[in-house]
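Readers should treat all values here as calculations from the given coordinates under stated rules, not as data from a laboratory. Everything numeric here is computed off the predicted structure, so don't read it as measured data. Methodologically, a virtual Cβ is constructed for each residue, glycine included, from the backbone with ideal geometry; neighbour enumeration extends over all protein chains shown.
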Amino acid sequence: MASTGAGKKKTPDEFCCGDVEAMASEFVDQGLDEPLVVKMHRHLGFCPPCQSFVASFSKTVRLLHAMPRKPAPDGLRQSIMKRTKKRS
Ligand SMILES: [Zn+2]
């Protein structure tokens, strides 16, 4: 396995995959500063794994935002409670 962390060289101008992962949520929420967005895009330009990571991340975030925040209907909740109570 490739060692990550301690001895890793990192140029200040370029994002590494860890940076992309760390900032993915802010990136898809558009909460990232412009210069960082530029670096993000530059890294994504040559790193297919990060491309798919960010793509699936933004899909997940969109799904979360689309989810209505209302409680489960009574019937469903009761049947779940019944099922969880019944143990044996
Ligand atoms: Zn990468």
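Sequence gap at least 6, Cα distance under 8 Å: using those rules, report the relative contact order of the stretch 17-68 to the nearest whole percent.
44 percent
If you place +1 on the Cβ of every Lys and Arg, -1 on the Cβ of every Asp and Glu, and leave all else neutral, what size is the dipole of the stretch 17-68 about its Cα centre, to the nearest 20 Debye? Could you put the intermediate results ahead of the total?
Values: 4 positive and 6 negative charges, 48 e Å.
Roughly 220 debye, rounded to the nearest 20.
Got a sec? Charge dipole of the stretch 17-68, +1 on Cβ for Lys and Arg, -1 for Asp and Glu; which of 40, 17, 50 is way out at the positive end?
Towards the positive end, the residue furthest out is 50.
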